[in-house]
Structure formats: structure tokens, C-alpha cells
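Values in this text are rule-based calculations from the coordinates and carry no lab data. If you're wondering where the values come from, they're calculated on a predicted model, not measured in any experiment. For neighbour counting, all protein chains shown are included, and Cβ atoms are generated from backbone atoms with ideal geometry for every residue, glycine included.
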């Protein structure tokens with residue numbers, strides 16, 4: 001789990017610094033934001049692995065930002081831990097109903113925070129992000145950043161790797177070109193949707209005749225990854 005990126009959203013700089021120091025000691029990378037607007041932009045642009053989100057923020061509250069994140073397909077899968085000085089039961093329920101994955105009441109110890117964070121990341125990490133994933137002899141190993149077919153390494157570009165990783169960890173679902181751009185290129189990257197077609201062609205070529213059929217064109221929609229080759 002170490003090496004993951006955590007966004008700390010809190011309007012109090014000393015709290016952000018304390019949390020950042022604890023995360024650094026545990027091997028995590030941290031980003032910081034002091035308000036919801038900045039946090040939302042960073043989440044869309046940088047796709048952190050988890051958000052530590054303070055309830056009380058200037059302008060849009062943390063719980064409202066959490067609701068917004070969970071309603072948006074682009075950010076819905078990013079886990080959120082709510083941080084608050086409020087210990088009342090109803091606030092905990094509100095946070096969880098807004099979609100938060102966990103809830104920590106201030107003050108908390110750095111050890112408790114890191115332990116809860118690890119637990120949430122473990123639950124939220126899909127296959128293919130940290131653990132190798134294999135389909136029909138095609139194997140993607142995130143640790144070594146390698147792709148192989150029946151044990152033979154496949155040369156693949158960085159964008160094609162990200163595209164394949166997304167497909168292999170989200171099988172049997174059709175995605176539009178716009179959705180693939182959001183998920184693989186990032187929400188604030190403005191490129192033509194035809195760019196997806198170019199990289200799909202490159203990916204199919206890299207996979208070769210036997211495996212390329214798993215990347216299927218869905219007429220009127222876009223693409224899906226499926227081992228059920230018709």
C-alpha cells in the first residue's frame with residue numbers, strides 16, 4: 001500500500017502538516033488542499049488513491065464535496081475518509097450516507113489514521129491496481145509494470161499500458177470514448193475522442209492476433225474488454 005497518493009483536505013495548515021508528516025513516515029505521498037474547490041480540481045486532475053476530507057471547510061463543506069465526488073462516475077470510486085471534530089452520532093451517519101468510506105473524529109493519533117487508511121485502501125483497491133491480473137494467458141503486473149502473453153513479454157507504450165490496465169480491471173462493461181478519456185487520460189485533459197481509437201489500434205497491434213479480439217468494438221457506444229470472444 002505504501003507509495004500511494006493521499007489528498008489531505010483541511011483548512012488548517014498545522015493539521016495538514018501533521019497528517020502529511022505521518023503519511024510520509026508510513027511511505028505515502030501526500031497532496032494538500034485548503035478548500036473544496038481546490039480539492040475537487042486536484043482530485044479530477046491527479047486522481048489520488050484516497051481523500052482525507054475535513055467536514056468543516058470554507059465555502060462548500062467537506063460532506064457536500066463528498067456527495068459530489070460520489071455522484072460523479074469519474075470520481076465515485078476514489079475512497080474518502082471524513083475528518084471532523086464533531087463526534088455526534090448523527091454527523092457520523094451523515095458522512096457515511098454521503099458516501100464516505102470511513103470516519104475519524106479529531107483528535108486522532110497518527111497510528112490510528114494510518115491503520116484506518118490502510119484498511120480503506122485494501123477494501124477499495126480493485127484487482128489489477130496492485131496485484132497482477134491475468135486473462136486468457138495475458139498477464140499485467142503493476143509491480144514490474146510489465147505485460148506478457150503466455151510468459152513472453154509484450155512491448156507496450158505507457159498510454160496503451162494504462163488503457164489495458166483499466167480494461168483488465170473493468171471487464172465486461174462497455175465504455176464510451178469520452179469515459180475512456182476521463183478514466184485513462186484524466187478529466188481535465190482536452191484531446192479529441194478519436195485519440196482513443198488511435199491508441200486502441202496500437203494496443204490491439206501490440207497484443208497480436210490471438211489476444212486483440214478481447215478488446216471489442218461496441219457499435220454505437222465505444223469499447224469493452226471481454227474474454228468472451230464471439
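Quick notes on this one:
- Exposure proxy ranking, count of Cβ atoms within 10 Å, fewest first, for 74, 53: 74, 53
- DSSP bridge pairs, segment 5-124: antiparallel proportion in percent, nearest 5: 0 percent
- Rounded to 10°, Cα long-axis angle of helix 13-25 versus longest principal axis of the chain: 50 degrees
- The fewest-to-most ranking of 185, 55 by surrounding Cβ atoms within 10 Å reads 185, 55.
- Rounded, prolate or oblate (a/c below 1.5 giving rounded, otherwise prolate when a/b exceeds b/c) for segment 1-77 by Cα gyration tensor: oblate
- Ordered by the number of other Cβ atoms lying within 10 Å of each residue's own Cβ, fewest first, 147, 80, 44 fall into the sequence 44, 147, 80.
- Per residue, the convex hull spanned by the Cα atoms of the chain measures out at 131 cubic angstrom.
- Inter-probe distance in nm under a simple model that places probes 7 Å from Cα toward Cβ, at residue 173 and residue 56: 3.7 nm
- Structure-based [θ]222 nm, the chain - -39500 (n - 2.57) summed over DSSP H runs of at least 4, per residue, nearest 500: -11500 deg cm²/dmol
- If you sort the three axes of the alpha carbon gyration tensor as a ≥ b ≥ c, you get a/c of 1.5 or more for segment 133-225 and a/b above b/c, which makes it prolate.
- Applying 1/(1 + (r/R0)^6) with r as the Cβ-Cβ distance of residue 112 and residue 5 and R0 = 22 angstrom yields a FRET efficiency of 0.60.
- Nitroxide proxy distance, nm - points 7 Å out along Cα→Cβ at residue 144 and residue 205: 2.6 nm
- Compared with the dominant Cα axis of the chain, that is its longest principal axis, helix 158-168 is turned about 80°.
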